[in-house]
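Quick notes on the structure that follows.
The values are calculated or read from the model by the stated rules, or taken from the named source; none is laboratory data. Values in this document were obtained by computation on a predicted structure and should not be read as measured data. Here the Cβ positions follow ideal geometry from the backbone for every residue, glycine too, while neighbour counts run over all protein chains shown.
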């Protein structure tokens with residue numbers, strides 16, 4: 001399998017991934033990703049070069065967003081002075097479920113983040129999705145804290161505030177990486 005940067009034409013596929021994942025999560029009793037994601041916002045992240053696709057021949061097996069930008073209101077000032085990369089929107093097509101491709105994408109993100117000079121790979125997960133939280137713990141993430149207030153959509157409580165991190169490192173993820181070399185992070189202490 002090959003990792004490539006997402007292209008503008010991938011927006012439709014990415015939105016379909018999100019709908020597929022939301023339907024699967026609904027079947028498990030979760031409201032995660034129940035709100036549609038704005039296509040223009042997704043396109044902006046693609047154009048910023050932070051969305052990556054896992055390709056299996058002509059099929060897309062998964063996607064991950066990896067960015068040096070933290071979501072506002074989640075991480076402390078001191079944490080933000082530490083070189084870190086942030087993942088979100090990790091999604092695996094249901095037909096590829098059960099192969100730990102998500103875990104391997106997390107390893108790829110750790111390796112890429114390490115090469116960019118990051119000390120930490122960080123994420124925020126759905127606060128009520130304990131299975132997802134345990135998935136990340138099983139993949140070497142440590143829970144930092146859960147944020148319930150802040151910049152929530154529509155003025156309600158924050159729904160994705162379970163924060164976790166793991167140290168970055170060089171790791172063999174087993175994918176063919178066709179992404180450009182990551183830019184080195186610049187952090188002011």
Answer yes if at least one residue in the range 89-98 is surrounded by fewer than 17 Cβ atoms within 10 Å (Cβ to Cβ), touching a strand residue (DSSP E or B) at 6+ places or on another chain (Cβ under 9 Å) and modelled with pLDDT of 95 or more, and no otherwise. no
Taking the range 113-145 and keeping residues touching a helix residue (DSSP H, G or I) at 6+ places or on another chain (Cβ under 9 Å), over 15 Å from residue 87 (Cβ atoms) and at pLDDT below 95 leaves 127, 129
Some residue of the range 111-133 being more than 16 Å from residue 177 (Cβ to Cβ), part of a strand (DSSP E or B) and touching a residue at least 60 places away in the same chain (Cβ under 8 Å): no
Only residues in the range 11-29 that are over 14 Å from residue 65 (Cβ atoms) count as the first member; pair them with residues that are modelled with pLDDT of 80 or more and part of a helix (DSSP H, G or I), Cβ under 8 angstrom, at least 6 apart or cross-chain, and list the lot. 20/94; 24/94; 28/131
Which condition from (1) modelled with pLDDT of 85 or more; (2) surrounded by fewer than 19 Cβ atoms within 10 Å (Cβ to Cβ); (3) over 25 Å from residue 161 (Cβ atoms) is the one that residue 16 breaks? (1)
Quick one: residue 107 ticks every box in (1) within 20 Å of residue 2 (Cα to Cα); (2) touching a strand residue (DSSP E or B) at 6+ places or on another chain (Cβ under 8 Å); (3) modelled with pLDDT of 95 or more bar one, so which box is it? (2)
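Quick one: is residue 170 in a strand (DSSP E or B), surrounded by fewer than 19 Cβ atoms within 10 Å (Cβ to Cβ) and either modelled with pLDDT under 95 or at negative phi (or both)? Explain how you work it out, then say what you get.
Numbers: in a strand (DSSP E or B): no; surrounded by fewer than 19 Cβ atoms within 10 Å (Cβ to Cβ): yes; either modelled with pLDDT under 95 or at negative phi (or both): yes.
Here the answer is no, as residue 170 does not meet what is asked.
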